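Heads up: the structure comes next, in structure tokens.
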């Protein structure tokens, strides 16, 4: 055998031997207990007795506050009314919504019902929404009245139930649609319906759509076990990755229909008992006002928002000293932009993160200025 062929043969043999045994890289940090036998909602509300009366969701534009007890009770009521509307276990509920408390309540309700939540950008075209709804076999869509025209064919042709979150009772909603407030009404069957659902850790609880790097969007099947594991890796244990605390106020201006906000803001914030300040869209003056008024402590962002804040002279009019963490993801920040952000938030640590939809959260967090505490 020629020397070159012999070398190739040895490499192949070594690889074959390696494939026959596990290679495990262990952290120097203590193991995290991951209760991935629990359903996602049971895990999220596992410590609710500690947070029941604390603010859970803050509606930025209106100032309305839901406590953890409110969110738990209302989500269960919605789940029971999902059942009345014919949403069965493993059926799909689409959230065609901007950021709002109803998004959180509906997502948790789907989990309680044993259903699957798929979220879509309300600015999608009718064709894009229809493609996702048909691919996921959506049974019910929760949206705003202004988007109903986009999905009316799904109601007419496929029998999809449409629920509108618009809460102004004096303004009629489109014909054939239900009001979200009808779902939040208490029902005597709530506990019976929810307790009768047997959820496997391997059941799919979320179905976000991602195109990856190329091609058309595809559904990413996230199980109860997968999301519990993901959240636990980020906020549980002695040395959590995100360092969220129960007394934090976490800004949520990033879209909840994306995995960044859905997982690492919404679910992680709920798990630790923090308050989540919800903004439906980015408006710099309102954002700065809410940071000051609500004393936001954690601000997850993306580079365009970071750039807008860095360039704005409006920041000088507001007290931003409450922010202790700024976290940016989706694209890298350059050194100059990092320095500009540090100047705007003098008490904050800056971290950059890298995400994959398919693994449910960020794969790493770069700590440029001693992010850990």
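Of everything in region 148-185 that is assigned to a helix (DSSP H, G or I) and out of contact with any strand residue (DSSP E or B) (no Cβ under 9 Å at 6 or more places or on another chain), the residue that is nearest to residue 41 (Cα to Cα) is 181. The helices (runs of 4 or more DSSP H) located wholly in region 21-98 that include 1 or more residues which are at pLDDT below 95 and within 30 Å of residue 127 (Cα to Cα) occupy 68-84.
Once region 221-268 is narrowed to residues that are within 14 Å of the chain's Cα centre (by Cα) and in a loop (DSSP other than H, G, I, E, B), the residue that is surrounded by the fewest Cβ atoms within 10 Å (Cβ to Cβ) is 258.
Summed over region 335-373, the residues that are at pLDDT below 85, part of a loop (DSSP other than H, G, I, E, B) and surrounded by fewer than 17 Cβ atoms within 10 Å (Cβ to Cβ) give a count of 8.
Being out of contact with any strand residue (DSSP E or B) (no Cβ under 9 Å at 6 or more places or on another chain), within 17 Å of residue 79 (Cβ to Cβ) and free of Cβ contacts under 8 Å to residues at least 12 places away in the same chain: is that true of residue 188 here?
Values: out of contact with any strand residue (DSSP E or B) (no Cβ under 9 Å at 6 or more places or on another chain): yes; within 17 Å of residue 79 (Cβ to Cβ): yes; free of Cβ contacts under 8 Å to residues at least 12 places away in the same chain: yes.
In short, yes.
Condition test on residue 332, is it within 28 Å of residue 221 (Cα to Cα), at pLDDT 95 or above and either out of contact with any helix residue (DSSP H, G or I) (no Cβ under 6 Å at 6 or more places or on another chain) or surrounded by 18 or more Cβ atoms within 10 Å (Cβ to Cβ) (or both)? Taking the combined requirement at face value, the residue does not satisfy it.
Which members of region 295-319 meet the condition of being over 14 Å from residue 248 (Cα atoms), touching a strand residue (DSSP E or B) at 6+ places or on another chain (Cβ under 9 Å) and in a loop (DSSP other than H, G, I, E, B)? I'd like the intermediate steps shown before the answer.
To start, the set of residues in region 295-319 that are over 14 Å from residue 248 (Cα atoms) comprises 301-319.
Checking the rest, the ones that are also touching a strand residue (DSSP E or B) at 6+ places or on another chain (Cβ under 9 Å) come to 301-303, 305-306, 309.
302 - this is the single residue of region 295-319 that is over 14 Å from residue 248 (Cα atoms), touching a strand residue (DSSP E or B) at 6+ places or on another chain (Cβ under 9 Å) and in a loop (DSSP other than H, G, I, E, B).
The values are calculated or read from the model by the stated rules, or taken from the named source; none is laboratory data. As the structure is a prediction and not an experimental result, all values here were calculated from the model. Heads up, the Cβs are rebuilt from the backbone with ideal geometry, glycines too, and the neighbour counts pull from every protein chain shown.
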